[in-house]
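S.K.: Here it is, the structure, as structure tokens.
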């Protein structure tokens, strides 16, 4: 057992003429042991049992560990833009209700930003988020009309709106980007991806198609978004989250529950791989894990929308760790 002399986390006891390794570790302030014959490395973090998870401090130890900022960087006046899936709208709503005056919202935007979907609910995939930043900052956009509101009307991309959006983005201090799904509809000819599905009266099976985007595609989109922000608003912070709201339906010939598992996993892997390469540029807020691994019975009766009490807990913790002096609590 050549490694026993320099691995301090292992205790050894003799039994039947052989060394038996016991891995020792601190959990919740208590010294614990785990019998093992495997080398555990320097950063071993064990899965908690339910009692440990739900003790005071369980969130910090078992969900937030490794993902929190060194120090808070948001105050009430910080200029924030929350973009992405419908969960981004919940984030915006919470911040507005707690008097964060710098958050961009439908209420605060007036005529400058005519559609709330662009800065909250509606931009559901990484392609759409990338389209929005490329349009605002480098005036590049899909040739196909892929931007639609909930009522299926086309979102106009005029020059005045583009310049105003670019200015607002440039002045933004914190971007909160919530990713929703990896299933996409696209134009077969141009390959342009739609923000949402395709309006029924516009669908053409010869022109439009559906597919599941890959981890690599989503990584490329996320990296492009980070690069654009770094170039055009270099001091801005970027926080990524993964929406815990599942697919309403899948267009794959499999169950929606299993399709949703794949959809979320693709995005979660993409975020994680990007975070490893950009640890000095971005943050990840584990709201998805709070819902899936911590909250008990987190969804309303539709089995899709997160209960208000859970959203409240997610955002209370966000404010606790990301805002100065725990403002809003």
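S.K.: Being at pLDDT 95 or above and farther than 20 Å from residue 270 by Cα is the filter here, so list the residues in the stretch 236-248 that pass it.
M.R.: 236
S.K.: Now for a different question. Please specify each residue of the stretch 165-218 satisfying the condition of being assigned to a helix (DSSP H, G or I), within 21 Å of residue 238 (Cβ to Cβ) and at pLDDT below 95.
M.R.: Pass one, the stretch 165-218, residues assigned to a helix (DSSP H, G or I): 165-171, 200-202, 215-218.
Subsequent filtering for residues that are within 21 Å of residue 238 (Cβ to Cβ) retains 165-171, 215-218.
165, 166, 167, 168, 169, 170, 171, listed by residue number.
S.K.: Restricting the search to the stretch 103-141, which residues are surrounded by fewer than 16 Cβ atoms within 10 Å (Cβ to Cβ), modelled with pLDDT under 50 and in a helix (DSSP H, G or I)?
M.R.: Result: 107, 108.
S.K.: Has the stretch 264-274 got any residue that is crowded, with 21+ Cβ neighbours inside 10 Å and under 21 Å from residue 305 (Cβ atoms)?
M.R.: Yes, the stretch 264-274 contains at least one residue that is crowded, with 21+ Cβ neighbours inside 10 Å and under 21 Å from residue 305 (Cβ atoms).
S.K.: Checking residue 99 against (1) surrounded by fewer than 18 Cβ atoms within 10 Å (Cβ to Cβ); (2) modelled with pLDDT under 80; (3) assigned to a loop (DSSP other than H, G, I, E, B), only one condition comes out false. Which one?
M.R.: (2)
S.K.: Can you pull out every residue in the stretch 148-164 that is assigned to a loop (DSSP other than H, G, I, E, B) and more than 30 Å from residue 255 (Cβ to Cβ)? Spell out the reasoning first.
M.R.: So the first thing to find is which residues in the stretch 148-164 are assigned to a loop (DSSP other than H, G, I, E, B), and the list is 149-153, 155-158.
Matches in the stretch 148-164: 153, 155, 156, 157, 158.
S.K.: Please work out which residue is modelled with the lowest pLDDT, limiting yourself to the stretch 35-79 and to residues that are in contact with a strand residue (DSSP E or B) (Cβ under 9 Å, 6 or more places away or on another chain) and in a helix (DSSP H, G or I).
M.R.: Of everything passing the filter in the stretch 35-79, 52 is modelled with the lowest pLDDT.
S.K.: Another question about this same structure. Across the stretch 272-309, what is the number of residues that are in a loop (DSSP other than H, G, I, E, B), within 23 Å of residue 72 (Cα to Cα) and either out of contact with any strand residue (DSSP E or B) (no Cβ under 9 Å at 6 or more places or on another chain) or free of Cβ contacts under 8 Å to residues at least 12 places away in the same chain (or both)? Before you say what the answer is, go through the steps one by one.
M.R.: Start the filter on the stretch 272-309 by keeping residues that are in a loop (DSSP other than H, G, I, E, B), which leaves 278-281, 285-286, 295-298, 300-305, 307.
Within this subset, residues satisfying the condition of being within 23 Å of residue 72 (Cα to Cα) are 278-281, 285-286.
So of that shortlist, the ones also either out of contact with any strand residue (DSSP E or B) (no Cβ under 9 Å at 6 or more places or on another chain) or free of Cβ contacts under 8 Å to residues at least 12 places away in the same chain (or both) come out as 279-280.
Within the stretch 272-309, residues that are in a loop (DSSP other than H, G, I, E, B), within 23 Å of residue 72 (Cα to Cα) and either out of contact with any strand residue (DSSP E or B) (no Cβ under 9 Å at 6 or more places or on another chain) or free of Cβ contacts under 8 Å to residues at least 12 places away in the same chain (or both) number 2.
Residues checked against (1) under 28 Å from residue 281 (Cβ atoms); (2) free of Cβ contacts under 8 Å to residues at least 24 places away in the same chain; (3) not assigned by TED's automatic domain parsing to the domain that holds residue 310:
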site	(1), (2), (3)
199	no, no, no
205	no, yes, no
214	yes, no, no
222	yes, no, no
228	yes, no, no
240	yes, no, no
244	yes, no, no
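S.K.: Take the residues in the stretch 230-244 that are out of contact with any helix residue (DSSP H, G or I) (no Cβ under 7 Å at 6 or more places or on another chain) and part of a helix (DSSP H, G or I); name whichever of them is surrounded by the fewest Cβ atoms within 10 Å (Cβ to Cβ). Explain how you work it out, then say what you get.
M.R.: First, the residues of the stretch 230-244 that are out of contact with any helix residue (DSSP H, G or I) (no Cβ under 7 Å at 6 or more places or on another chain): 230-231, 234-235, 237, 239.
Pick out the ones that are also part of a helix (DSSP H, G or I) and you get 230-231.
On the way: 230: 15, 231: 10.
By that ranking, first place goes to 231.
S.K.: Residue under question is residue 144, and the condition is that it be assigned to a loop (DSSP other than H, G, I, E, B) and in contact with a strand residue (DSSP E or B) (Cβ under 7 Å, 6 or more places away or on another chain); does it hold?
M.R.: Numbers: assigned to a loop (DSSP other than H, G, I, E, B): yes; in contact with a strand residue (DSSP E or B) (Cβ under 7 Å, 6 or more places away or on another chain): yes.
Spelling it out, residue 144 is indeed assigned to a loop (DSSP other than H, G, I, E, B) and in contact with a strand residue (DSSP E or B) (Cβ under 7 Å, 6 or more places away or on another chain).
S.K.: Please work out which residue is nearest to the chain's Cα centre (by Cα), limiting yourself to the stretch 247-271 and to residues that are in a helix (DSSP H, G or I) and free of Cβ contacts under 8 Å to residues at least 12 places away in the same chain.
M.R.: Just the residues of the stretch 247-271 that are in a helix (DSSP H, G or I), to begin with: 256-271.
Narrowing further to those that are free of Cβ contacts under 8 Å to residues at least 12 places away in the same chain: 256-258, 261, 265.
Numbers: 256: 21, 257: 19, 258: 20, 261: 15, 265: 12 Å.
Filtering the stretch 247-271 for residues that are in a helix (DSSP H, G or I) and free of Cβ contacts under 8 Å to residues at least 12 places away in the same chain, the one nearest to the chain's Cα centre (by Cα) comes out as 265.
The values are calculated or read from the model by the stated rules, or taken from the named source; none is laboratory data. Please read all numbers here as calculations on a predicted model, not as lab measurements. Note that each Cβ is placed from the backbone with ideal geometry, even for glycine, and that neighbours are counted across all protein chains shown.
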